[in-house]
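First up is the structure itself, then whatever we jot down about it.
The values are calculated or read from the model by the stated rules, or taken from the named source; none is laboratory data. Bear in mind the structure is a predicted one, so any value in this text is a computation, not a measurement. FYI the Cβ positions are ideal-geometry reconstructions off the backbone, even for glycines, and counts take in every protein chain you see. Accessible surface is based on the protein model in full, side chains and every heavy atom, while ligands, DNA and RNA are left aside. Shrake-Rupley method; radii C 1.70, N 1.55, O 1.52, S 1.80 Å.
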Amino acid sequence: MGKQAQLDLSNIPKHIGIIMDGNGRWAKKRFLPRSAGHSAGASTFKTIARYCNKIGVQVLTVYAFSTENWKRPPAEVASILDILRKYLKDSTNFKDENIRLRFIGDSSVLPADIIELIHTAEEDSKSATGLVVNLAVNYGGRDEVVHAVRQIVKDCKNGVLTEEQINEQAISARIYTAGQPDPDLIIRPSGEYRLSNFLLWQSAYSEFWFSNVLWPDFKPRHLDQAILSYQQRDRRFGGVHAGENA
Ligand code: FPP
């Protein structure tokens, strides 16, 4: 924990979502290829995941590749997938850390070897009791809702669900993060102020924290700042402040 930060360890967000943005600009500033920015970003991700595990965050969701990222030049897409491949092959990245890896998104269109590596990583880490990391790969919030709706239609046809039973819980139970708490805090570095199709359903009551720091430069002390800001907020979930009920 940073020196100046006094985190309240009894009020750590249970679930943090991060949009890992700014890798390209970080590389450009250094006259490096964009892929070097993504490599540096992956290294930051490892540091931040370890730190989240240490301070007691339960779930960390990171946006590694969106359903829209296929529009990038093929070489850049290949470089991101390759970084992911390397990360997954080195299981010490999560196994030794007691981190459970999960994937959210439509993995069906990913290269076959990555699908296999994902499956192995999920299996190998399933008994870890520490942080759960959701890697969002080929993830889109709208796409996730489409999948949930399709599942609901199937369940209705199969008699598992009736029309009257379709409610918010029924949808939450059919999205990728089913069973996990919704994100308390969503962080976007690099000076952008958009959600970019990240955790749309889950972020209904999330707190947001933005920063100009580019993701490869993001350090545990920046996470401390985000959490400190979160801890000073008054979360009402549409209600009123405690003590204002009279
Ligand atoms: C956004 O920055 C970043 C991405 C689209 C890719 C993020 C992927 C990684 C950090 C590696 C994934 C692998 C693991 C193991 C987590 P940008 O390229 O849009 O940056 P820019 O806005 O500055 O161009």
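The C-beta contact set for region 97-115 (first residue aliphatic (A, V, I, L, M), second residue part of a loop (DSSP other than H, G, I, E, B), distance under 6 angstrom, 6+ apart or interchain) comprises I99/A128; I99/G130; I99/L131; L101/F94; L101/S125; I104/Y176.
One residue is enough: does region 108-123 have a residue meeting the conditions in a loop (DSSP other than H, G, I, E, B), buried (at least 21 other Cβ atoms within 10 Å of the Cβ), within 20 Å of the chain's Cα centre (by Cα) and among the hydrophobic types (A, V, I, L, M, F, W, C)? The answer is no; no qualifying residue exists. Answer with yes or no whether Y193 is assigned to a loop (DSSP other than H, G, I, E, B), touching a helix residue (DSSP H, G or I) at 6+ places or on another chain (Cβ under 6 Å) and hydroxyl-bearing (S, T, Y). So Y193 does not fit the description; no. Among the residues of region 63-90, those that are over 19 Å from the mean Cα position of the chain (by Cα) and under 19 Å from V132 (Cα atoms) comprise K89, D90.
If you go through region 5-38 and keep only what is away from the ligand (no atom under 11 Å from the Cβ), in a loop (DSSP other than H, G, I, E, B) and not small (G, A, S), you end up with Q6, L7, D8, I12, P13, K14, R30, F31, L32, P33. Which one of the conditions (1) touching a residue at least 60 places away in the same chain (Cβ under 8 Å); (2) among the basic types (K, R); (3) crowded, with 16+ Cβ neighbours inside 10 Å does K219 fail to meet, given that it meets all the rest? Unmet condition: (3).
When you look at K86, is it within 12 Å of the ligand (Cβ to nearest atom) and within 24 Å of K126 (Cβ to Cβ), yes or no?
Values: within 12 Å of the ligand (Cβ to nearest atom): yes; within 24 Å of K126 (Cβ to Cβ): yes.
When the stated conditions are applied, K86 passes them.
Against the numbered list (1) more than 8 Å from the ligand (Cβ to nearest atom); (2) in contact with a strand residue (DSSP E or B) (Cβ under 9 Å, 6 or more places away or on another chain); (3) not in a helix (DSSP H, G or I), V77 comes up short only at (3). Residue check: is T92 of a type in the set (V, I, T) and open to solvent by 40 Å² or more (accessible area, probe 1.4 Å)? When the stated conditions are applied, T92 passes them.
Only one residue in I187, I175, I171 is touching a helix residue (DSSP H, G or I) at 6+ places or on another chain (Cβ under 9 Å), under 24 Å from P13 (Cβ atoms) and in a strand (DSSP E or B), so which one is that?
It is I187.
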